[in-house]
1. Hey, among Ala177, Ala150, Ala154, Ala167, which residue is touching a Lys or Arg at 6+ places or on another chain (Cβ under 6 Å) and not in a strand (DSSP E or B)?
2. Checking the conditions here, which among Thr241, Thr253 is farther than 18 Å from Gly141 by Cα and more than 16 Å from the ligand (Cβ to nearest atom)?
3. Which residue out of Asn187, Asn183 is more than 18 Å from Val153 (Cα to Cα) and in contact with a helix residue (DSSP H, G or I) (Cβ under 6 Å, 6 or more places away or on another chain)?
4. Could you grab the pairs with beta carbons closer than 8 Å, sequence gap of 6+ or different chains, first residue in region 21-37 and free of Cβ contacts under 8 Å to residues at least 40 places away in the same chain, second one among the aromatic types (Phe, Trp, Tyr) and near the ligand (Cβ under 9 Å from one of its atoms)?
5. Select from region 35-88 the residues that are in a helix (DSSP H, G or I), over 20 Å from Gly123 (Cβ atoms) and not aliphatic (A, V, I, L, M) and list them in ascending order.
6. Evaluate the following for Asp248: is it over 22 Å from Ala18 (Cβ atoms) and under 18 Å from the mean Cα position of the chain (by Cα)?
7. Checking Cys162 against (1) out of contact with any Cys (no Cβ under 7 Å at 6 or more places or on another chain); (2) touching a residue at least 24 places away in the same chain (Cβ under 8 Å); (3) closer than 21 Å to Ile245 by Cα; (4) buried (at least 20 other Cβ atoms within 10 Å of the Cβ), only one condition comes out false. Which one?
8. Mind checking which residues of region 56-76 are within 13 Å of the ligand (Cβ to nearest atom) and either within 15 Å of Val19 (Cα to Cα) or touching a His at 6+ places or on another chain (Cβ under 8 Å) (or both)?
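Bear in mind that the values in this text are calculations on the coordinates, not laboratory data. Note that this is a predicted model, so its numbers are computed, not measured. Cβ atoms come from the backbone with ideal geometry, glycine included; neighbour counts cover every protein chain shown.
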Amino acid sequence: MDLGKGSDVAGRLEGKVAVVTGAGSGIGTGIAEEFVKEGARVVAVDISGQQEEVAKRLGSDCYAVHADVSRGADVRSMLDAAVSHFGKLDVLCNNAGIDGAVAHTGEYPEEEFDRVFGVNGRGVFLGMRYAIPKLLENGGGTIVNTASMAAMVAFPGMPAYCAAKGAVAMLTKTAAAEYASRNIRVNAICPGPIRTQITDSLPPELIEGVVRATPLGRYGTPTEVGRLAVFLASDESSFITGDTILIDGGYTTL
Ligand code: NAD
C-alpha cells in the first residue's frame, strides 16, 4: 500500500506509538491506516485474527496482537506489547465494539446486556485503567475512545449499546478531568453510520432508515473517522480534552 511515506513533510503522528483496538476491521482499520500514514507505529489489536492481515499490509510500522478488550489480563498484555515491541506508549484508541442483540428494553436478555456492556463499556474502562500508568511514565499522551452518536440519541432496540456508549462519553470526560494536569488528553469520537461489519449485521430497515435520515445522505467511511482520530491523537488538538465529537453526516442536527 502506498502510504505516502518518504516525503520531506513530517507526519502529524511522527515518532508516536499507538495501540488501536478493533483494528482488524472497519473503523479500527481506518484508524490504523491513517495513523501509519501520519508516521505512527501501531499495535493493531483484535479478537478476530483479521488484525494479522492488516499488520501485514501496513508493514513494519504495524504489529498485530490478539486480545479480548473485555478481559483485564488481555488488555494489560496488549499495552505491554506496545512497550516491548515499539519502546513506549503515546496513544490509545479504545475502538473495539459490538452491536449485540436487537430487542426493546422490556425484552432485552440480561446476559446479552452484560456481554455488550463488557466489550463496549467495561472494555474502554480497562483500556484507560491500564494505559494511563504507562502514559504517565512516558510524560503524557492521548486517548481516543470510539463512542457513537448512540451516546447522544436513542436507538430503539439497542438499549445495551446506547447505555454502553453513554458510559464511554462519561468515562472520557471523567478521565479527561482527572489527568489534564498531567498531560493526558482524553476525547471520544461519536460516529454516525459508517459502512462496516457492524452496519452490515444490523437489520436493514434500521440502518437504511438511519442513512436516509442523515443530511449528507450517505454512509461515512472508516478513513474519514481515521482522520478525526489522527487530529485528536496529535498535537493539532492540544486544547481539546473531555470532548465527544460527532462525525455523523449531520444525523443528530435534526
Ligand atoms: P467492525 O465490526 O467492522 O469492527 C469492530 C472490530 O472490533 C472487529 O474487528 C471485532 O473483531 C473487534 N472486536 C469485537 N469485540 C472485541 C473484543 N472483545 N476484543 C477485541 N476486539 C474486538 O465495526 P466498526 O463499525 O468498525 O466498529 C468500531 C467501533 O465503532 C465500535 O466501537 C462501534 O460501536 C463504533 N461505531 C460504529 C458505527 C458504525 O456505523 N459502523 C457507528 C458508531 C460507532
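1. Working: Ala177 fails: touching a Lys or Arg at 6+ places or on another chain (Cβ under 6 Å); Ala154 fails: touching a Lys or Arg at 6+ places or on another chain (Cβ under 6 Å); Ala167 fails: touching a Lys or Arg at 6+ places or on another chain (Cβ under 6 Å).
Only one candidate passes the filter, namely Ala150.
2. Details: Thr241 fails: farther than 18 Å from Gly141 by Cα.
After applying the criteria, what remains is Thr253.
3. Values: Asn183 fails: in contact with a helix residue (DSSP H, G or I) (Cβ under 6 Å, 6 or more places away or on another chain).
That would be Asn187, the only listed residue that is more than 18 Å from Val153 (Cα to Cα) and in contact with a helix residue (DSSP H, G or I) (Cβ under 6 Å, 6 or more places away or on another chain).
4. Matching pairs, first to second residue: none at all.
5. Within region 35-88, Lys37, Glu52, Glu53, Lys56, Arg57, Gly59, Ser60, Asp61, Ser84, His85, Phe86 qualify.
6. Numbers: over 22 Å from Ala18 (Cβ atoms): yes; under 18 Å from the mean Cα position of the chain (by Cα): yes.
The answer is yes for Asp248.
7. Single failed check for Cys162: (2).
8. Initially, region 56-76 is screened for residues within 13 Å of the ligand (Cβ to nearest atom), giving 64-75.
Hits for region 56-76 are Ala64, Val65, His66, Ala67, Asp68, Val69, Asp74, Val75.
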